[in-house]
Amino acid sequence: MLSAQAQFAGFTRLPPHWLAIARQVPGFAGAYIDVKDRQPRLNLLVSPGSTPVPRSLLNEEEQTAARQGAVRVLPARFSLRQVAQALAARGDRAAYDPALNRVVIPGDAPLSGPTGLVVSEQTVRRESRLGVLTRVRTPVGSHLALDVRVANVGRWPVRVPGHCFTVILRVLDMTGREGGRAHSR
């Protein structure tokens, strides 16, 4: 099984422009960029009822993603102020993951802070899972056609490296003998 958070790249210090946004929009809790349908998508985290985030305060990368793709405004459970306090209390042993809207700490550190704000890296890894779902389609000649889908079956968002990868499936017959290999890109 893939380690869903293997590419974890949180912030040990909050980006200064986020703090500037939070001064003008107290409910702002961060932003992250992901890709949907091959288009960048800017995700702005704000507390419910918060005022809109001025685009002029976003950094260049965030503005570019907003121009080239879509912008989503997502509800944030924790404010940037709460996150900043939790990071300050943890020092360099914690990182903020805006996709989770949580402060993530190494597995051996004790949890503290508002309930749910601080989570262990082990918990995130354990609860971030990719599932492989397969469906057999009608065989074509001597070939067996399969639909294979990879889906997030865990609690947290899953990070998948942004480069091409190959999935190799072992195909076994009813007796357990290998019947061939299937490749996909």
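The values are calculated or read from the model by the stated rules, or taken from the named source; none is laboratory data. Since this is a predicted model, take the numbers as computed values, not measurements. Positions of Cβ are generated from backbone atoms using ideal geometry, with glycine treated the same way; all protein chains shown enter the neighbour counts. Just the protein is used for accessible areas: all its heavy atoms, side chains included, with ligands, DNA and RNA removed. Shrake-Rupley method; radii C 1.70, N 1.55, O 1.52, S 1.80 Å.
Tell me which of these R93 doesn't satisfy, since it passes every other one: (1) at pLDDT below 75; (2) surrounded by fewer than 16 Cβ atoms within 10 Å (Cβ to Cβ).
(1)
Taking the stated definitions as given, is R149 modelled with pLDDT of 80 or more and open to solvent by 30 Å² or more (accessible area, probe 1.4 Å)? Can you show your working first?
Details: modelled with pLDDT of 80 or more: no; open to solvent by 30 Å² or more (accessible area, probe 1.4 Å): yes.
Here the answer is no, as R149 does not meet what is asked.
List the pairs whose first member sits in the stretch 108-132 and is open to solvent by 60 Å² or more (accessible area, probe 1.4 Å), whose second member is modelled with pLDDT under 70 and not in a loop (DSSP other than H, G, I, E, B), and whose Cβ atoms are under 9 Å apart, counting only residues at least 6 apart or on separate chains?
Listed pairs, sorted by first residue: V132/V167; V132/L169.
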